[in-house]
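Inspection log for the structure reproduced underneath, given as structure tokens.
The values are calculated or read from the model by the stated rules, or taken from the named source; none is laboratory data. Note that the structure is predicted; figures quoted are calculated from it, not measured. Here the Cβ is made from the backbone with ideal geometry for all residues, glycine too, and neighbour counts use every protein chain on show. These area figures cover heavy atoms from the full protein model, side chains too; ligands, DNA and RNA do not enter into them. Shrake-Rupley method; radii C 1.70, N 1.55, O 1.52, S 1.80 Å.
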Amino acid sequence: MSEKVILHYFNARGKMESIRWLLTVAEVEFDEVYLTTRDQYLKLLDDGSLMFQQVPMVEIDGMKLVQTKAILHYIAEKYSLYGKDIKERVMINMYSEGLMDLMEMIMIHAFVSGTKAKLDDILTKAKERYLPVYEKALSGPVYLVGGKLSLADVQLLECTLMLEEKFPAILADFPNTKAFQGRMSQIPSISRFLQPGSKRKPQPDEKIKKTVMEVFNLTNLNLG
Ligand SMILES: N[C@@H](CCC(=O)N[C@@H](CS)C(=O)NCC(=O)O)C(=O)O
């Protein structure tokens, strides 16, 4: 029997949250080791556990995986959430990359306490560049690619929920996407994940920002 999956990251969404979502949908149990001190991080570096001195790091199947996309693709492939052939896979990757670009904008904005102008820019891009793509793809099909649940669907749900936290009415003009969100939320593993007390993380607060700065020995948060 393979050992339990262990996630090494902050007690925060960040780059690990999509991995938490995907494991949840795949119904894979996982434990988490939260980075709270610089010593913990230095120990991971000393151990050689972090290939590029960065987290997320995921212990799975006897490996210590880093690089968010590589981790997501491994899990998606392993649990049949990655299409049936290379043409489906490239579509899943394109949808997924678009969602990661958008989610990263929101993540960075939260961390660097950006201006209202920046938030407006995210809203405009979400409505004009990203959401129309998913809305069109979902006009008819139940899932984004190949009529089957995939990594892209899981990330679309995660992303639309993040968007609604910032812009509650954003899906009003995107009825297919809103209906998709409702369907996805009824999948039992997802429904449980959406309940309070699950391993889903809240929006970042000042405390977590302080922890990240201490762990990485930063005086200034510069996330791009
Ligand atoms: N390309 C990597 C980037 C990971 C990354 O930037 N991780 C941050 C925390 S969210 C980190 O470990 N920063 C420390 C550093 O880069 O020295 C991925 O997607 O996993």
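Both radii are taken from the alpha-carbon atoms of segment 86-187; with Rh as the Kirkwood radius, Rg/Rh is 0.97. When you count the other C-beta atoms within 10 angstrom of each residue and take the mean per peptide, 138-146, 211-219 line up highest first as 138-146, 211-219. Averaging the sequence gap over all C-alpha pairs within less than 8 Å and six or more residues apart, then dividing by the number of residues, gives segment 86-187 a relative contact order of 33 percent.
Antiparallel beta bridges, as assigned by DSSP with both residues in the chain, represent about 60 percent of the total such bridges. Each residue of segment 44-53 was assigned a 3J(HN,Hα) from its phi angle through the Karplus expression (A = 6.51, B = -1.76, C = 1.60, θ = phi - 60°), giving 4, 5, 4, 5, x, 7, 10, 3, 10, 6 Hz with x at Gly and Pro.
Surface composition of segment 86-187: carbon and sulfur atoms hold 61% of the protein heavy-atom accessible area at a 1.4 Å probe.
Show me the three semi-axes of the equivalent ellipsoid for segment 1-80, from the C-alpha gyration tensor (sqrt of 5 times each eigenvalue), largest first, rounded to whole Å.
21, 13, 12
Gain in length, residue 43 to residue 6, computed as 0.36 nm per residue apart minus the alpha-carbon separation, to one decimal in nm?
Extending this stretch completely gives an extra 11.7 nm.
Each semi-axis of the equivalent ellipsoid for the chain is √(5λ) with λ an eigenvalue of the Cα gyration tensor; in descending order they amount to 28, 23, 15 Å.
Computed over the chain, the per-residue total of -39500 (n - 2.57) for DSSP H runs of n ≥ 4 gives a 222 nm mean residue ellipticity of -16000 deg cm²/dmol, rounded to 500. Solvent-accessible surface of protein heavy atoms, probed at 1.4 angstrom with all chains present, puts 108, 86, 190 in the order 86, 108, 190, largest first.
With protein chains left intact and a 1.4 Å probe, residues in the chain average 53 Å² of accessible area per residue.
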